[in-house]
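The values are calculated or read from the model by the stated rules, or taken from the named source; none is laboratory data. Since the model is a prediction, treat every value here as computed from it, not as a measurement. Remember, those area values only see protein heavy atoms, side chains included, never the ligands or the DNA or RNA. Shrake-Rupley method; radii C 1.70, N 1.55, O 1.52, S 1.80 Å.
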Amino acid sequence: ASAYNSLGRHEQSMRVRQDLYSKCLSLYGEEHAHTLGEANNLVSSLGSLKRYREARSILRKTMPVARRVLGDDSKTTLGMRKMYAQTLY
């Protein structure tokens with residue numbers, strides 16, 4: 001996904017990240033650190049594509065879980081909060 005993103009192939013990057021997020025949800029559940037990290041990566045890809053509504057929808061579901069599971073000061077939680085703010089503008 002990162003390679004696609006570096007090449008400017010944001011749509012392909014988003015599809016890979018969407019697939020990874022779905023697989024993490026199936027394997028680990030929504031409260032696992034890997035799943036939350038992949039959610040954050042997917043949101044980042046959606047932001048690159050200016051698909052802010054979709055990004056906000058995912059963040060509304062995952063931010064409370066990240067805060068509860070990882071804590072307010074975790075890198076993933078803070079990244080999600082930053083991305084949410086960016087989707088508002």
### Task
Grab the alpha carbons of the chain, take their convex hull, and tell me the volume per residue in Å³.
81 Å³
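What accessible area per residue comes out for the range 16-65, rounded to a whole number of Å², with a 1.4 Å probe?
On the way: 2810 Å² over 50 residues.
On a per-residue basis, the range 16-65 sits at 56 Å².
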### Message
On C-alpha positions alone, give me the angle between the axis of helix 10-28 and the longest principal axis of the chain, in degrees, nearest 10.
### Response
30 degrees
### Query
What does the helix-only formula give at 222 nm for the chain: each DSSP H stretch with n ≥ 4 adding -39500 (n - 2.57), the total divided by the residues, and the result rounded to the nearest 500 deg cm²/dmol?
-26500 deg cm²/dmol
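Stretch SER74-GLN86 to full length: gain in nm at 0.36 nm per residue minus the Cα-Cα span? Spell out each step's value before the answer.
Details: separation 12, 0.36 × 12 = 4.32 nm, distance 1.85 nm.
Fully extending the segment from SER74 to GLN86 adds 2.5 nm.
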### Message
Between the range 3-33 and the range 56-89, how far is it from one alpha carbon centroid to the other, in angstrom?
### Response
16 Å
